[in-house]
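The values are calculated or read from the model by the stated rules, or taken from the named source; none is laboratory data. Predicted model only: the values in this text are computed from it and were never measured. Neighbour counts are summed over all protein chains in view; Cβ atoms, including those assigned to glycine, are modelled from backbone coordinates with ideal geometry. Remember, those area values only see protein heavy atoms, side chains included, never the ligands or the DNA or RNA. Shrake-Rupley method; radii C 1.70, N 1.55, O 1.52, S 1.80 Å.
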Amino acid sequence: MPTTAPTAHALADVTASDSTLRRFLHGLPGVDAVGLEARAASLGTRSIKTTAKAYAIDLAISMVDLTTLEGADTPGKVRALGAKAAHPDPTDRTTPTTAAVCVYPDMVAVAKEAVAGSGVKVASVATAFPAGRAALDVKLADVREAVAAGADEIDMVIDRGAFLAGKYLKVHDEIVAVKQACGTSARLKVIFETGELSTYDNIRRASWLGMIAGADFIKTSTGKVAVNATPANTLLMLEAVRDFRAQTGVQVGVKPAGGIRTTKDAIKFLVLVNETAGEDWLDNHWFRFGASSLLNDLLMQRQKLATGRYSGPDYVTVD
């Protein structure tokens, strides 16, 4: 049985120095961009039968990290989000709960209360989200505040400036420090902001760097930039977690975030997971969608499969 990110594994020695880490990351195979995009596009054309679609919709609902990350967030909005996560369709209690709600650290306690007893996790962004431009002690205080308030998961952002400058060990050591701040109670998702990493080679390097440092999940994006999750960058990250487990025995999750809005989109990503990483990742312990509007479309499509028609505009809440 694969384990989840330990403090030491078969690749721990590559972080002995800046030079060894650089040598390892730059020694990873180069990404064939044309081939990667063609495979992602090809997998996206797969059609599935109605019975499989019903299963896929429920699976996708169970994988949603229902998210609100706005300056105008209020306790009332977060409570409503928590209620929706716990009971996505109050008229049909067979509807799965979402995996988590994702909020800012100061809203963790409110979210925790809102989802109490439901099994829904509370995830908190941290480390000066979304830019990550802060001193390490500030970032760690951000994490500790969220964990102390009851966060089950921490979504951190890497220092993209340091990564792009080739300061890989600095990025690695920050992830390690954040992982330690999470303690034993919170899983760590590491956000790369793939839209700012410029190349597929950099996304591959960031994926391996995050996993070597102890990420429980690797995550595409904050949802705050122009380019967020795409089939191609998610496929690349799925290949990375598959290969990392083959090499180390450690399983790491993947979370595409931003821009996934429709049931059709979600099913395309589930096909990517199944065909690339395999069935072991088709579970919300190992795969998540970072989204806000996706859940509404999944609920509408779910009801259409059940009744043959769409409900009126009041069927789902407006996020």
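Listed values, structure above:
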item	result
Some residue of the stretch 205-224 being touching a Gly at 6+ places or on another chain (Cβ under 8 Å), over 21 Å from residue 182 (Cβ atoms) and either at pLDDT below 95 or of a type in the set (Ser, Thr, Tyr) (or both)	yes
Count - residues of the stretch 234-247 that are of a type outside the set (D, E, K, R) and open to solvent by 10 Å² or more (accessible area, probe 1.4 Å)	2
Among (1) over 22 Å from residue 171 (Cβ atoms); (2) modelled with pLDDT under 95; (3) not acidic (Asp, Glu) - the single one residue 98 does not satisfy	(2)
Selected residue [open to solvent by 10 Å² or more (accessible area, probe 1.4 Å), farther than 18 Å from residue 153 by Cα and either aliphatic (A, V, I, L, M) or in contact with a Gly (Cβ under 6 Å, 6 or more places away or on another chain) (or both)] from 250, 271	271
Tally, over the stretch 292-309, of residues that are aliphatic (A, V, I, L, M) and open to solvent by 10 Å² or more (accessible area, probe 1.4 Å)	3
Within the stretch 165-182, considering residues that are of a type in the set (Gly, Ala, Ser) and outside any helix (DSSP H, G or I), the one farthest from residue 131 (Cα to Cα)	166
Test: residue in the stretch 120-134 that is in contact with an Asp or Glu (Cβ under 6 Å, 6 or more places away or on another chain) and either assigned to a helix (DSSP H, G or I) or over 30 Å from residue 166 (Cα atoms) (or both)	yes
Search result, residues across the stretch 109-138 that are closer than 19 Å to residue 180 by Cβ and surrounded by 23 or more Cβ atoms within 10 Å (Cβ to Cβ)	123, 124, 125, 126, 127
Qualifying positions in the stretch 56-80 - β-branched (Val, Ile, Thr), within 21 Å of the chain's Cα centre (by Cα) and outside any helix (DSSP H, G or I)	64, 67, 68
Pick from the stretch 189-202, criterion crowded, with 24+ Cβ neighbours inside 10 Å and of a type outside the set (D, E, K, R), ranking: nearest to residue 43 (Cα to Cα)	194
The lone exception for residue 156 - which of (1) buried (at least 20 other Cβ atoms within 10 Å of the Cβ); (2) part of a helix (DSSP H, G or I) it fails	(2)
Exclusive hit being loosely packed, with under 14 Cβ neighbours inside 10 Å and either among the basic types (Lys, Arg) or at pLDDT 95 or above (or both), set 264, 255	264
Selection count where residues are in contact (Cβ under 8 Å) with a residue 60 or more places away in the chain and either among the hydroxyl-bearing types (Ser, Thr, Tyr) or in contact with a helix residue (DSSP H, G or I) (Cβ under 6 Å, 6 or more places away or on another chain) (or both), scope the stretch 245-267	6
Contacts under 8 angstrom Cβ, first residue in the stretch 33-55 being in a helix (DSSP H, G or I), partner modelled with pLDDT of 85 or more and open to solvent by 60 Å² or more (accessible area, probe 1.4 Å), 6 or more apart	43/268; 43/275; 50/305; 53/305; 54/305
Matching residues, the stretch 290-311, being touching a Phe, Trp or Tyr at 6+ places or on another chain (Cβ under 7 Å) and among the aromatic types (Phe, Trp, Tyr)	none
Filtered residues of the stretch 20-36 (kept if more than 14 Å from residue 243 (Cβ to Cβ) and either at pLDDT below 95 or of a type in the set (Val, Ile, Thr) (or both))	20, 34
